[in-house]
1. Any residue in the stretch 22-40 that is in contact (Cβ under 8 Å) with a residue 12 or more places away in the chain and open to solvent by 50 Å² or more (accessible area, probe 1.4 Å) sitting within a Cβ distance under 6 Å of a residue that is of a type in the set (A, V, I, L, M, F, W, C) and assigned to a loop (DSSP other than H, G, I, E, B)? List the pairs, counting only those 6 or more apart or interchain.
2. Residues of the stretch 104-151 being assigned to a loop (DSSP other than H, G, I, E, B) and either within 30 Å of Arg93 (Cα to Cα) or touching a Gly at 6+ places or on another chain (Cβ under 7 Å) (or both), which ones?
3. Only one of (1) closer than 30 Å to Leu4 by Cα; (2) open to solvent by less than 80 Å² (accessible area, probe 1.4 Å); (3) within 41 Å of the chain's Cα centre (by Cα) fails for Thr75. Which number is that?
4. Does Ile49 satisfy the criteria of being open to solvent by less than 50 Å² (accessible area, probe 1.4 Å), among the β-branched types (Val, Ile, Thr), assigned to a helix (DSSP H, G or I) and touching a residue at least 12 places away in the same chain (Cβ under 8 Å)?
5. Kindly evaluate Leu94 against the criterion of being free of Cβ contacts under 8 Å to residues at least 60 places away in the same chain, exposed (fewer than 10 other Cβ atoms within 10 Å of the Cβ) and over 33 Å from the mean Cα position of the chain (by Cα).
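The values are calculated or read from the model by the stated rules, or taken from the named source; none is laboratory data. Model, not experiment: these values are computed from the prediction. Every residue, glycine among them, receives a Cβ derived from its backbone with ideal geometry; neighbour counts consider all protein chains shown. For the accessible areas, the whole protein counts, side chains as well, though only heavy atoms, and no ligand, DNA or RNA atoms are used. Shrake-Rupley method; radii C 1.70, N 1.55, O 1.52, S 1.80 Å.
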Amino acid sequence: MSNLTLYNITNKFAELMDRAENGEITEEEYNELGFEIAQELQTKGANVIGYIRNTELLIEAMKAEEKRIADTRKTGEAKLEKFKQYVLENMERLGLSKIQTELGALSVSKNPMSVEIENEDEIPSEFKQEVVTTKIDKTAIKNHFKTTGEIIPGTKIIDDKMSLRIK
């Protein structure tokens, strides 16, 4: 019975129970076959746990590597900005607005006008926009339903979802 899929093991259990209910097998055969299927299920269960844990660890390692790469990228971007600023400062000190090379040109140009906010409280209201966001408190809705049994309009209470937990 080795190398059965979880689906096949489940079917074997259902088939065994049907055969027992219909009197096609003896109690001894039922116990013997049930024990074999249970062992196969236990082995398969251990394999499932191993697979899930291995995959979770792989995903965590990927997340850590993504973070490491993002941190390295941010460091590289910061270094590049500092280097560009260094080149700009030196060109300004030398009074150069352009350096032509065989790879391209370095040139100093004026940026478009921008606004920097120093103190938000001092800015007159005519220059402010109010942004309103609404967040629905699902926990409060759930607690209201638990307390009163009332379903809030526009919601649906779901209490039949299942999840797999590994301990």
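1. Glu36/Met1
2. Hits for the stretch 104-151 are Gly104, Val108, Ser109, Lys110, Asn111, Pro112, Met113, Ser114, Val115, Glu116, Ile117, Glu118.
3. With (1) closer than 30 Å to Leu4 by Cα; (2) open to solvent by less than 80 Å² (accessible area, probe 1.4 Å); (3) within 41 Å of the chain's Cα centre (by Cα) applied to Thr75, the lone miss is (1).
4. No; evaluated as a whole, the condition is false for this residue.
5. Details: free of Cβ contacts under 8 Å to residues at least 60 places away in the same chain: yes; exposed (fewer than 10 other Cβ atoms within 10 Å of the Cβ): yes; over 33 Å from the mean Cα position of the chain (by Cα): yes.
Considered against the rule, which asks whether it is free of Cβ contacts under 8 Å to residues at least 60 places away in the same chain, exposed (fewer than 10 other Cβ atoms within 10 Å of the Cβ) and over 33 Å from the mean Cα position of the chain (by Cα), Leu94 comes out as yes.
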